[in-house]
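Data block below; observations after.
The values are calculated or read from the model by the stated rules, or taken from the named source; none is laboratory data. The model shown is predicted, which means the values in this text are computed figures rather than measured ones. Reconstructed Cβ throughout: ideal geometry from the backbone, glycine too, with neighbour counts over all protein chains shown. All accessible areas refer to the heavy atoms of the entire protein, side chains included, with ligands and DNA or RNA removed. Shrake-Rupley method; radii C 1.70, N 1.55, O 1.52, S 1.80 Å.
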Amino acid sequence: MDLIAPDKFKIRLFYGVSIAFILLNMVFIATENYWFMALPLAIIMLMLFFFSLDKLLLGIVFLVPLSFPYYDLELGFAIDLPTEPLIVAVMVMFFLKLFYEQKYDKALLRHPVTIVLIISLIWMLITSFTSAIPLVSFKAFLSRFWSVTAFYFVFMQVFAKKPERIQLFMWLFGASLAAVIIYITYVHSTFDFERKAGTWVVDPFFNDHTHYSAVLTFILPVFIVMSFLKSNSVVQRRSALLLTIIILMGIIFSFSRASWVSILIALAAFLILVFRVDYKFILSMLILIVSFTVLFQDKILMELERNRQESSTNILEHAQSITNISSDASNLERINRWRSAYRMFEEKPIVGWGPGTYQLVYAPFQSAEDRTIITTNFGNMGNAHSEYLGPLSESGLLGMVLFIILGLLILRTGIRNFRFANTSELRWLSMGITLGFITYLAHGLMNNFLDTVKASLLFWGFLGILVVIDIHYSKHNRVQKSAENQQIAE
């Protein structure tokens, strides 16, 4: 009897498995079990997990903007699907490979950014042990730990080996984000772009409109840069320009004043960097502004209190309401949260109340004169609204100082890359990423989203890109290494 040819056998096997899957799926659908439809995707993910971890990571990048939170009230936990289980799996696989191969780029570990990041994680762990609610703090620590592991440490290896994956990272995230923006904008249009509707039409992809706008402004400078990169093809530049327009549309209709302000700050930073403004002049101007503010603080406060412009659907009026600290409930509630965070710090200045605990313990620290129409007695409506005061209240003074140091190192690394990266493409990508960080760090004065998957992917992923460029694709690093080798030789 003749044996079946290998090619024919593969074809028959393919059709046999496909028919079996379709028949089984029909049975499951008939019994109202729909999870079986996800089996092919699960098999693909499993194969990538074992044989191509970098491709799985890039798949996660595409899925992150499309992810949504799932809440289990009985068990008391929330998880982003489908991304968070995959991120945990990537972290586990990374440590297994690290244990088995005992090999990692030591230059990446020695970088100042990595050192400060590791110290901040250690301090976060320590303050989880001293937390007022340890269970909550350990959950917050684990969430930060697996995000940093997957998006920073694993991605750095991917970018170091294949720098072309840097732009692929942007395209994957930008493409799925554009789909989300178009959907949100369409839903918003059915409510005539009413401002209040803009705060919840972003559900289920984002917590609220400020989270949505923070992510959009973070990645906006990158696509602006990619629209003009000469190394990109005409199709790539036009695609980047289209994504830039879509992102700008999302930012405008988000009605987030913090994002508008952060874009202006990034624009000022861009002009300073491009025209190489003397840092002594910048420092002098900052000292002058701070001195002027301190000397005339009473008059400035009086002028601010005269502003009665409330938040509005009219964009110009909405922008004017940014400085309304007398009647705008959103602005006043932020001040309430900030003062509560500082009072929490005063009571526990060294170790704080524990990571992730702010929204569970800040209620008693609210003062009667700070309360607003949206203040809750139980203090259960969110966080400290600050990437700086949040760590101050939860992890003490060192928690905030470490975040500020990390921010300064990010800016230093990005600016150095813009000056010394090997290629024009990497220099300008570093510029776009650095401006993105400036928008986020400015936005962080008024909001904090680093505990969300979408913001943390950009934050840690972009940080990994800057560090890899600085170490492997920077003239500065080559010159520094050459000088060190010469000293050793002498």
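Which of the residues belonging to segment 202-215 are in contact with a helix residue (DSSP H, G or I) (Cβ under 8 Å, 6 or more places away or on another chain), surrounded by fewer than 23 Cβ atoms within 10 Å (Cβ to Cβ) and either without any contact (Cβ under 8 Å) to a residue 60 or more places away in the chain or at positive phi (or both)?
Matches in segment 202-215: Asp208 only.
So which helices (runs of 4 or more DSSP H) stay within segment 1-115 end to end and still have 1 or more residues that are at pLDDT 65 or above?
The qualifying helices (runs of 4 or more DSSP H) are 6-30, 53-63, 83-101, 106-110.
I'm told Ile433 meets every condition in (1) in a helix (DSSP H, G or I); (2) surrounded by fewer than 16 Cβ atoms within 10 Å (Cβ to Cβ) except one. Can you identify the failing condition by its number?
Looking at each condition in turn, Ile433 falls short on (2).
Tell me which of these Ile126 doesn't satisfy, since it passes every other one: (1) in contact with a helix residue (DSSP H, G or I) (Cβ under 8 Å, 6 or more places away or on another chain); (2) farther than 24 Å from Met446 by Cβ; (3) in contact (Cβ under 8 Å) with a residue 60 or more places away in the chain.
Condition not satisfied by Ile126: (1).
In the list Ile282, Ile263, Ile373, Ile325, which residue meets the criterion of being modelled with pLDDT of 90 or more, over 30 Å from Ile126 (Cα atoms) and among the aliphatic types (A, V, I, L, M)?
Ile263
Could you list, in sequence order, the residues of segment 75-111 that are closer than 17 Å to Val61 by Cα, without any contact (Cβ under 8 Å) to a residue 12 or more places away in the chain and among the aliphatic types (A, V, I, L, M)?
Ile79
Looking only at residues that are open to solvent by 60 Å² or more (accessible area, probe 1.4 Å) and not basic (Lys, Arg) in segment 329-354, which one is farthest from Ala132 (Cα to Cα)?
Applying the filter and picking the extreme gives Trp338.
Please verify whether Val148 is at pLDDT 90 or above and surrounded by fewer than 21 Cβ atoms within 10 Å (Cβ to Cβ), treating the condition exactly as stated.
Criteria not met by Val148.
Among the aliphatic types (A, V, I, L, M) and closer than 30 Å to Met344 by Cα - does that describe any residue in segment 197-219?
Yes, there is a match, as at least one residue in segment 197-219 is among the aliphatic types (A, V, I, L, M) and closer than 30 Å to Met344 by Cα.
In segment 241-290, which residues are without any contact (Cβ under 8 Å) to a residue 24 or more places away in the chain and within 17 Å of Ile433 (Cβ to Cβ)?
If the condition is that a residue be without any contact (Cβ under 8 Å) to a residue 24 or more places away in the chain and within 17 Å of Ile433 (Cβ to Cβ), then Leu267, Ile272, Val274 are the ones that fit.
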